[in-house]
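Before any comments, here is the structure.
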Amino acid sequence: MDAAGLTGYIKEKALQYGADLVGIADLNRVAGIPTLPQGLLEPYARAVVIAGEISPDVFAQIQGEPTPLYAHHYLYVNQSLDHANLLLQRELLRSGYRALALPASQILDDKEWMGHVSHKAMAKAAGLGWQGKSLLLVTPKYGPRVRLATLLTDAPLVPDPQIPNRCGKCDKCREACPVGAIRGVSWEDHPESREYALDFGKCVKKLTQDFAKRPEIGKPICGVCIKACPWGARKK
Ligand code: B12
Ligand code: SF4
Ligand code: SF4
């Protein structure tokens, strides 16, 4: 199979395996990005990034705080993305390429709050959307109402074009945040630091010291800045 044929095949499989969106990133686009462990991206040239929608009806119930339904739903979408990613990993391994499926939501460092690599940055590099003022990945179709997972490979897949930032003058996530963590700043490509976009400590404190300690939630989740984004509003 040539590169275009393999790219089409992998994208088709991603959708069949349950992803709602799929894109290909050239890893040169994220050169210098922090990873755990350091040098994680070195053997690879491309990333396949998949997204799974969370229903707008789940967010309809969120009024300033997460709900038990969202706490269940987000875990289940993570699992379905991990499953799709493993099946895609198998496709690439069987075709003779290296492939490493990274988990949708595994925290490796709970002081710096880091996973293997930022799926948001990878998704942006794969043309799925842009990192909005909330720092979330905003897609044209579902807004930030998606969860993400990344598969690293050396297969010569054809990269997708990137989408420029479309936040414009919108400020809705900043207005909605219950602790005023979103500074409301914008950027062309990506923020120079997490702290530049967020008062990060305020968000972490609310999620870990309040929401995660509620027995019916039990996880550091929130969902308020996701719900606020007009790009994620129901389209019909
Ligand atoms: C740890 C973690 C948290 C921590 C820390 C969050 C944070 N902002 O980093 C806590 C518990 C607070 C948290 C909160 C939330 N999280 Co969280 N979290 C993660 C996790 C597991 C790791 C994040 C990580 O490693 N960040 C590292 C930092 C450095 O990356 P970053 O935030 O993208 O910012 C940098 C890069 O983007 C970089 N960058 C971007 N492009 C480029 C290019 C180059 C060349 C360079 C050098 C740098 C660069 O610039 C930024 C500054 O350095 C990811 C899963 C994953 N592996 O990605 C989920 C993830 C980011 N979380 C997610 C979500 C939804 C949330 C919450 C809304 C909670 C919820 N589920 O309701 C909030 C949102 C908070 C917010 N506004 O950002 C989703 C985001 C989905 C989306 N549409 O964007 C993810 C991707 C999980 C998933 N599989 O979908 N989370
Ligand atoms: S996750 Fe919640 S606390 Fe954190 S920035 Fe979004 S709205 Fe604010
Ligand atoms: S709510 Fe508005 S400012 Fe925030 S991420 Fe969405 S479009 Fe951007």
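Taken over the stretch 150-170, residues that are within 8 Å of ligand 3 (Cβ to nearest atom) and exposed (fewer than 15 other Cβ atoms within 10 Å of the Cβ) amount to 2. Looking at the stretch 1-101, the helices (runs of 4 or more DSSP H) lying wholly inside it that each contain 1 or more residues that are aromatic (F, W, Y) and open to solvent by 50 Å² or more (accessible area, probe 1.4 Å) sit at 3-16, 68-94. A228 falls short on exactly one of the conditions (1) over 28 Å from K13 (Cβ atoms); (2) open to solvent by 50 Å² or more (accessible area, probe 1.4 Å), and that condition is (2).
Residues in the stretch 102-126 that are in a loop (DSSP other than H, G, I, E, B), surrounded by fewer than 23 Cβ atoms within 10 Å (Cβ to Cβ) and within 12 Å of the chain's Cα centre (by Cα): P103, S105, G115, V117, S118. Among the residues examined, W187 does not qualify as of a type outside the set (A, V, I, L, M), under 24 Å from G127 (Cα atoms), away from ligand 2 (no atom under 13 Å from the Cβ) and not in a loop (DSSP other than H, G, I, E, B). Can you spot a residue in the stretch 180-202 that is of a type in the set (V, I, T) and away from ligand 3 (no atom under 11 Å from the Cβ)? Within the stretch 180-202, none of the residues are of a type in the set (V, I, T) and away from ligand 3 (no atom under 11 Å from the Cβ). Within the stretch 195-220, being surrounded by 19 or more Cβ atoms within 10 Å (Cβ to Cβ) and either more than 9 Å from ligand 1 (Cβ to nearest atom) or in a loop (DSSP other than H, G, I, E, B) (or both) holds for I217, P220. Among the residues of the stretch 149-184, the one identified as of a type in the set (V, I, T), farther than 30 Å from R94 by Cα and away from ligand 2 (no atom under 11 Å from the Cβ) is I163. Looking at the structure I just gave you, is A101 farther than 21 Å from L6 by Cα and touching a residue at least 40 places away in the same chain (Cβ under 8 Å)? The answer is no for A101. Would you check which residues across the stretch 171-194 are open to solvent by 50 Å² or more (accessible area, probe 1.4 Å) and at pLDDT 95 or above and list them? Correct list: K172, R174, E175, P178, R183.
The values are calculated or read from the model by the stated rules, or taken from the named source; none is laboratory data. Treat the numbers as computed from the prediction; the structure is a model and nothing was measured. Note: ideal-geometry Cβ built from the backbone for every residue, glycine included; neighbour counts use all protein chains shown. Quick note on the areas: whole protein, heavy atoms, side chains included, nothing else; ligands and nucleic acids left out. Shrake-Rupley method; radii C 1.70, N 1.55, O 1.52, S 1.80 Å.
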